[in-house]
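The structure appears below as structure tokens.
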């Protein structure tokens, strides 16, 4: 214990008091770290909340079942329920149906309607109604006894002001009906599913409402303890005679696995992105600890002369780093609280848009996440302090004896560092070729880190070269102060150079993200305009939110047969399928008609050569995401169970697709009908055969005709509107990314401020000497300004180079491995050209406080002081 | 085979069967940790079904309109095998079996298996149904109760199974003179010569074959059994008072081959018990002189039995004699306090049927045969095997039977 | 070469600083023997090698040639950690510019070597207070160096030099930054240490203040002994 107490006593005497003396510097560094740590923590907590809510919802709806009976892309005949219940392996069975519905007057937010048998479901799922239900029966008896009654989750009821006994109109894709609210669920069990946005109804009511007589979505099973463990595959074989063709027995733990892995990948992505902020903060720690080590050289020598071991000095400076980290982390706690509420919305919206629907209300403070952020922050700060601490340790005791020490002719290590940094940058190439580990682009992330570190370490050598190159030019262009500034940059040494690393990192992140988001958006835009083509999209109400899983209402189907001849319909039916744990859609559409008006965005395959083969149904097109997730390539065979049919077709091509969950397989509808069965259709898009002169009027007329023929219980979106909406949602999903970026940039600006301020303070005697030999104050200021400009420019050039490399990594490695999609590489030159000078300007603004520090005190005082 | 659709869509008439497609068998045990609210009072099954199926208070139940249901107001005109089936127009119905069995080594067991039917809305409510109702749409709920008492092992286990009378989960099926009443995996099958009972849970199961040793007994006035003051306070009620029984019971992993004697009741009604009845004691006894006794006591709060209490005496040849309240006298000799519910139940009685010179004492064969239900034991009653000894017409006599005691536990209070 | 009678023995002691293409001679082939209890005054002009000799004796620097043994420690061959321990326990150092740590109070500066040697603050505090009282600094013990006068600063430095009870006190121009009154007082103090506490004291100085107390005078010139008295 004693050595530790002794150490802390020394730390307080030597380091803490020094911090206190220069607390503004320390506070800036702590603020930078705090920003980084809070971004990191709040991003992780926000995504975690989404993941949590998704998992919880899935678990609540899955309940305590041991196995699930389902039909891929279809529904299970209800007769199967009593049949499987008779099997000795089964102790309980319960049927479940779900669909998203909307309440009349609330077009924005659909919620999940769960249809179940309250009696047979009791061993599976818990729920309870609050007191004060309508009628004298218990709520579950009421659900059964009275048609069209519902129980509402508490948040849902509160949001709409619904109470027991109220009537409300709910709309489904086929129909709408008036329901009576039987009661409100307690916030527990099923009442918490979907973030508390659920309604429960009796399975009979569900079928009558949806028109889905005779079938249920799935049957949950509890198996008898005496019979298990029977593997589910074995059970499937035993029940071969019992189960209709195509029916599957799966483990409930598989439910939502693909959604979970998507969210996890997104979490990792954002974590890395937000980690960049911490990484930038690391430079701040470095620069302050390095400054302390340099400016207190003499004190260190005295310490050493009075008997301090090198180890002690090393530990003192390392502890400075740790202290800054810990302080930053503490300050990050309230900051995270503020940030997280903002992030939560953005993050859950992004996840809902890109991956799976989530509802998040609350963030749970997870001890693990808190520990993680603490650990990461501390580690970062510790690492940042290692190099300066080593420098401090090497101060020799003998220096104490000399007042004016001769400049040590230490061989500058810039060259050596350049070698290491080039090796690091080079390492990114092989790293980027490595495959993902368990769906995580681990090597890709390591490559990003090695790029960052590599470029930061390249800075000393780069500045030497840069300074040497520009100073002669500057002499002619901008006079002596600029030349001196160039020399200074050339000779500035490792410490200053590494501080530029902060700027390099931030700028490269900025560049890479601008390029990535632009590429993403351009590609999506291309996809939207070619593949999501069509002048009017028509589907049953709520068909989209339910993933177009059901055929369109009959009235719609029949009505559309008699539409005006001036439009050509492309009908489509989608099946939600699964391969392994990966959810995807089989999209059966009228390829002939589609290809007359729209196109796919091809990744692999020859569009011209394949067109007729596609229309003839010779094979399928798969989306890039599907290809990357399943490993299927052109020429391979696509195999799937679709309802009762075993589908096996060759893969003809790979195309881009960016719809939610990303995995899509396209096949011709007519060909499917011929080979298997008529899948009927769930949604249709209409193309004008010829673009009408007055497009808007024609569209309005078309809408009116459809309503006349098919009724109004449908959803119609004009193609233009839909495409605009997709792009708008797309843009919204990147706000979080840009917030992270802004924070990284502001930390870098803080870094510039401290670095330059420190440099100015250190060189005040030198400035005074310059004044003494005849320099004007303005010339000195101009020199410092040029220094800042040169450092920032150098940092920006290096950052730009690093950013381009990084953007390749993000687009072709990280995105492909995380989400399965890539984009057409496209640089937003305009945005870069506009924003990079802006960053220089901002950085120069950040340098202003440093320039103003010069000659704030009369030179004479400074001279005497020394 | 009588073919009918969903029971409630039938023209309601005594003797028409509730027909459900698909057989049902096997058992289910409801986890006691969960808010299982379903238990029964045999005698006040109305309360059971409502109280158990709901958390509603007694007054609300009592005041609930009975309009719309068929009601029992006079002789039942029972005919068999049709009337073994369901009478879906009435609100409440049950098929009830109890028995005392033993192994070849004279190890004794008691059992009960009951399936209740409950109509949750009057037939007229069907007019509010959608045009094409779902197959799941029904007004019938079926509830099974099974219990086994291992006398030597001093163990009493019970379970329940509940399902709606639709999509083949539960119901009553009649064909070729056989009636099958089933709920999930449990079933009662009544044939011309034999009955079969099947119930299985994780803890225990039973599979028994029963052969009538006496003809059907119609209680009260040709099956019209009064339960209170008004004419509609009544049920249709008949029994097989003596069924030779053979089969097996499994307790955990132990299987016992058993023989013995069982009792069967089938009863249906609509009218609830009248206010002021606090509970209900019921006895079925099979004496070794060949006589069987059923006594039905409606208890008032002051402890006095309501005058509508009644019974039936069945002689060796199967002839039945209706007993009115004045024909018998039952007094409590001893009580037992439940450690579970803290309720005090009678545990020994003297039963005197003066006109027939029967004077016996009845004792429970195992004190703890209490049925505790729900997380808060809202509905709790005692249902168990009993032993009788005494004299009949001057000769010593012994017998076995079952007793059901309701309204003793706090649960009854909850209903008031 | 080692003789038990001498506390300090230098044999052909050499320290050469390589400065680019030329070498600068600090100390050249110097032989020196100092017995315990002496007060040695080393004199010489700037660049004569005074400071080099002192830093070699203090274990702050290493010879580039020859041998140097102090209190039985072979400084020419000692490891860095041995040198650290040597500095802690054998040597007390007094500098021309005091070299007090600016963030530490008088008391704390005085205690520092003891703490660095692993002694608990509570154990050393009493001794430090005694020392400070003896040096007339008790009322100044919670002040920072920036609040002290030159004489006080040097007395604090002496307290720091004495805290580990070293055998040898090395003073490098201890009066160089002091006025004559304070300079005299400091020399008196050092002489008193030599006289009353039997410390070996070695003073490198320009001034003549210490001459009367010297048991031995060494004149250095160009890194070699030009004369001794």
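Laid out as a table, the results:
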{"item": "Residues satisfying the stated conditions in the range B:119-138, i.e. within 23 Å of residue B:269 (Cα to Cα) and surrounded by fewer than 24 Cβ atoms within 10 Å (Cβ to Cβ)", "result": "B:120, B:121, B:122, B:123, B:124, B:125, B:126, B:127"}
{"item": "Unmet criterion (only one of (1) in contact (Cβ under 8 Å) with a residue 24 or more places away in the chain; (2) buried (at least 20 other Cβ atoms within 10 Å of the Cβ); (3) farther than 30 Å from residue A:682 by Cα; (4) in contact with a strand residue (DSSP E or B) (Cβ under 8 Å, 6 or more places away or on another chain)) for residue A:85", "result": "(1)"}
{"item": "Strands (runs of 3 or more DSSP E) fully within the range B:309-392 counting 3 or more residues that are farther than 23 Å from residue B:289 by Cα and without any contact (Cβ under 8 Å) to a residue 24 or more places away in the chain", "result": "B:328-337"}
{"item": "Filtered residues of the range B:251-270 (kept if assigned to a strand (DSSP E or B) and within 21 Å of the chain's Cα centre (by Cα))", "result": "B:260, B:261, B:262, B:263, B:264, B:265, B:266, B:267, B:268, B:269"}
{"item": "Count of residues meeting criterion [in contact (Cβ under 8 Å) with a residue 60 or more places away in the chain and either crowded, with 24+ Cβ neighbours inside 10 Å or part of a loop (DSSP other than H, G, I, E, B) (or both)] in the range A:171-189", "result": "5"}
{"item": "Given (1) assigned to a strand (DSSP E or B); (2) surrounded by 20 or more Cβ atoms within 10 Å (Cβ to Cβ), number of the condition residue B:248 does not satisfy", "result": "(2)"}
{"item": "Looking only at the range A:826-837, and only at residues there that are under 14 Å from residue A:797 (Cα atoms) and surrounded by fewer than 15 Cβ atoms within 10 Å (Cβ to Cβ), the one that is modelled with the lowest pLDDT", "result": "A:837"}
{"item": "Test set (1) within 14 Å of another protein chain (Cβ to nearest Cβ); (2) in a loop (DSSP other than H, G, I, E, B); (3) at negative phi - residue B:168 fails condition number", "result": "(3)"}
{"item": "Residues of the range C:170-209 satisfying the condition of being closer than 21 Å to residue C:148 by Cβ, outside any loop (DSSP other than H, G, I, E, B) and within 14 Å of chain A (Cβ to nearest Cβ)", "result": "C:171, C:172"}
{"item": "Failed criterion for residue C:130 (all others in (1) surrounded by fewer than 22 Cβ atoms within 10 Å (Cβ to Cβ); (2) in contact with a strand residue (DSSP E or B) (Cβ under 9 Å, 6 or more places away or on another chain) hold)", "result": "(2)"}
{"item": "Filter result for the condition that a residue is touching a residue at least 24 places away in the same chain (Cβ under 8 Å), closer than 20 Å to residue A:210 by Cα and within 12 Å of another protein chain (Cβ to nearest Cβ), over A:72, A:118", "result": "A:118"}
{"item": "Checklist (1) assigned to a strand (DSSP E or B); (2) closer than 26 Å to residue C:210 by Cα applied to residue C:45, failing item", "result": "(1)"}
{"item": "Enumerated strands (runs of 3 or more DSSP E) restricted to the range A:623-733, each holding at least 3 residues that are modelled with pLDDT under 85 and farther than 27 Å from residue A:522 by Cβ", "result": "A:714-718"}
{"item": "Test for residue B:116: is it touching a strand residue (DSSP E or B) at 6+ places or on another chain (Cβ under 9 Å), free of Cβ contacts under 8 Å to residues at least 60 places away in the same chain and within 14 Å of chain A (Cβ to nearest Cβ)", "result": "no"}
{"item": "Matching residues in the range C:116-129 - criterion: being more than 9 Å from chain A (Cβ to nearest Cβ) and farther than 16 Å from residue C:166 by Cβ", "result": "C:122, C:123, C:125, C:126, C:129"}
{"item": "Subset of the range C:60-115 [part of a loop (DSSP other than H, G, I, E, B), under 16 Å from the mean Cα position of the chain (by Cα) and away from every other protein chain (no Cβ under 11 Å)]", "result": "C:71, C:75"}
{"item": "Test: residue in the range A:49-64 that is within 14 Å of chain B (Cβ to nearest Cβ) and touching a residue at least 12 places away in the same chain (Cβ under 8 Å)", "result": "yes"}
{"item": "The range A:561-608 - residue that is surrounded by fewer than 21 Cβ atoms within 10 Å (Cβ to Cβ) and part of a helix (DSSP H, G or I) and, of those, modelled with the lowest pLDDT", "result": "A:561"}
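The values are calculated or read from the model by the stated rules, or taken from the named source; none is laboratory data. Quick caveat, the model's predicted, so the values are computed rather than measured. Quick reminder, even Gly has a Cβ in these numbers, built from the backbone with ideal geometry, and neighbours come from all protein chains shown.
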